[in-house]
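Every number in this text was worked out from the coordinates using simple rules, so none of it is lab data. Everything numeric here is computed off the predicted structure, so don't read it as measured data. No Cβ is skipped: glycine too gets one built from the backbone with ideal geometry, and neighbour counts run over all protein chains shown.
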Amino acid sequence: MLTIRKDMGVDYALVAAVNSMRKTIAVAGSKYHADTTSGATTGDFRSPTTTTLQVLSANATNTGTGITLANEIKAVILRHLVDVFAHSIADTIVTISAVPAASDDATTITLATAIQTAWNAHGTASSVHYTNDSNTDATSITTAATARTSLNAVKALINTHIASAPLGNSINLIDP
C-alpha cells in the first residue's frame, strides 16, 4: 500500500478505481490479497516506495532464537490480520493478542501453539481472502524442539502468504 497525502490533487475516484481493480486482479490471479501488508513506506510524495512486511528473524535453532522468532511472528500476524488493503475484510476471528510473549522454552511452546492455531485458521477464514490459502503447519507441538520446528515452518508460510498479491501497490490517502 502506498500512502499519499490528500492535498496532492489525487482524484478520489481514481484511487478507488485502482484499489478496486487490484481486488479483481487478485481474484483472477488466484492471489490471497489485493496488496501486500506493507512494512514501511519510504521516499517522498512524488516517488513513494514500500517494503513488504516479512518475518526477518533467523530460524529457531535454540531457546534464544525460538523466543525471538515466536515474538516476531506474533507481531507480524497481529499487523497482517487487520490489514484491510490486503484483505477483503479484517480477520477479527483469529486472535493471539492475549497470549503472553515468549520468554523461555515453556512460554515459547505456548505461544508457538497459539501461533500455529491462529495461522492455520487465518488462511481459510471466511470472506477474508480473495483466494483462500490452504497451506498450514501440521507439526505436533509437544516440546521446545517441536515448537521451534513449527515456528520455522510458519515463518516460511507467513512470508509466502503475505507476498501473495498483484504487483504494485494499493493507494491509501492520508491527511497532509
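Structure data summary
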read-out	value
Whole-Å distance, taken between Cα centres, linking the range 37-91 and the range 112-176	11 Å
Ranking of Y12, Y130 by count of other Cβ atoms within 10 Å, fewest first	Y12, Y130
Degrees between helix 63-81 axis and first principal axis of the chain (Cα, 0 to 90, nearest 10)	30 degrees
Amide H contacts of N172 (H built 1.01 Å from N, under 5 Å, at least 5 apart or other chain)	L2, T3, I4
Förster radius 22 Å - calculated FRET efficiency between N59 and T95, Cβ distance, rounded to 0.05	0.30
Estimated [θ] at 222 nm from DSSP helical runs (n ≥ 4, -39500 (n - 2.57)) normalised by residues in the chain, nearest 500	-14000 deg cm²/dmol
Helix 144-162 axis, angle to the chain major axis (alpha carbon atoms, nearest 10°)	10 degrees
In degrees, nearest ten, helix 12-28 long axis to first principal axis of the chain (Cα)	50 degrees
Reciprocal mean inverse distance between Cα atoms of the chain - Kirkwood radius, Å	17.0 Å
